[in-house]
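Enquirer: Questions regarding the structure given below will be posed in turn.
The values are calculated or read from the model by the stated rules, or taken from the named source; none is laboratory data. Since we're looking at a predicted model, the values are computed, not measured. Ideal geometry is used to build each Cβ from the backbone, glycine not excepted, and the neighbour counts take in all protein chains shown.
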Amino acid sequence: MSIETITDKTHRTVGYIETMSDGKKKAWDKVFHTLGYYDPKQNLTQDKNFLTVANGDGLSSLILKKAATQLNGGTDCLG
């Protein structure tokens, strides 16, 4: 198991990605709220409710989108 810290362009921590021993990954925001999961066998990223949100590993996008939303007072600035 390993945990990668995700930072923004100003080097502030915005989230974390944990890689399990089976290759599956879990993403958290900066206060460890679960944002989503990645399963390499299915090559799918799912949100915290297990709804598919991307093909491939999109966990860093989930983290950065959450961070951008928090910076803009709850407004999703990424579309």
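Enquirer: I'd like to know if the stretch 55-67 contains one or more residues that are at pLDDT 95 or above and assigned to a strand (DSSP E or B).
Expert: Within the stretch 55-67, one or more residues are at pLDDT 95 or above and assigned to a strand (DSSP E or B).
Enquirer: Name the strands (runs of 3 or more DSSP E) wholly within the stretch 1-54 that hold at least 3 residues that are buried (at least 16 other Cβ atoms within 10 Å of the Cβ)?
Expert: In the stretch 1-54, the matching strands (runs of 3 or more DSSP E) lie at 13-19, 25-29, 34-39, 44-47.
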